[in-house]
Amino acid sequence: MRRQCLFLTLSSLGLLGLGACGSLDNEPFRAGTVRGRLTEFDPAVALVSVVGAPGVRSGVDAQGRFTLEDVPAGPAELFILATADKAERVTLTVQGGQSVDVPDVSPRAAGTFFVKLHVRGSRKVTDAKASVDGTPIEASGFDDKDPARLGPLPEGCYGVSISAPGFSSTSAQDCVDEGKQTVLNVELVPEGSSGEERCALAGCGGGDSHSALDGRGVKRPEDSH
């Protein structure tokens, strides 16, 4: 009887041990910490976030230092707003459970998107919203008579999502250069439009139309910068 009890006890301990190993918490190794400093900044504007994870963000202290917690492990890119007209993007690799010190960041002249909405016919656009994908940059409350400015943006290429009541959500892609403005002409299509109606409103195929059937806005060359 004693041998049986001893066997059961050891087996139980073994199962407990396996359970503990199987439930090992790996969460701390899935993210890391990023620290750095901006050489130039406006405390009212300065913000550091992660491209693709805008919720991971940090302000700066009086010396321009920032600390980002819970940055997903792996390749990452920092989206840095320094002043109203200066910004930067910094690539790095984050090791899970470790801290990364970024060399001092000197922000450069930022670019902007100038979003112009278009709709054919008598429909009016109101209370439109636009956001730069993967970043904290957004604008709201504009219409087809009042374009929206999206920025400041570090030099690079971005996707922009646009929506307005009564119209299908759409998107556009383009790039901004240092200190320059990129115009995005976006054609909005009323919700519920059939394929033929969408073609009639937004155009299908070639030509100089600036909105494709799939709803992706395209910047016309003559409106660049």
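For this structure, a couple of remarks:
- Karplus-derived 3J(HN,Hα) values for region 143-152, using 6.51 cos²θ - 1.76 cosθ + 1.60 with θ = phi - 60°, are 9, 6, 9, 10, x, 10, 9, 10, x, x Hz; glycine and proline are entered as x.
- Within the shell defined by Cβ-Cβ distances under 14 Å, the residues around Glu77 carry a net charge of -1, with Lys and Arg each +1 and Asp and Glu each -1.
- Backbone phi angles across region 123-140, fed through the Karplus curve with coefficients 6.51, -1.76 and 1.60 (θ = phi - 60°), yield HN-Hα couplings of 5, 10, 9, 9, 6, 6, 10, 9, 9, 8, 4, x, 9, x, 7, 7, 9, 8 Hz in residue order; Gly and Pro are listed as x.
- Once the gyration tensor of the Cα atoms in region 30-109 is diagonalised, the equivalent ellipsoid follows with semi-axes of 20, 12, 11 Å, ordered largest first.
- DSSP bridge analysis restricted to region 111-192 gives an antiparallel fraction near 75%, rounded to the nearest 5.
- Local net charge near Pro107, Cβ-Cβ under 14 Å (Lys/Arg +1, Asp/Glu -1): -3
Readers should treat all values here as calculations from the given coordinates under stated rules, not as data from a laboratory. Here the structure is a predicted model, which means the values were calculated and not measured. Because the Cβ atoms are built from the backbone with ideal geometry, glycine has one as well, and the counts that use them run over all protein chains shown.
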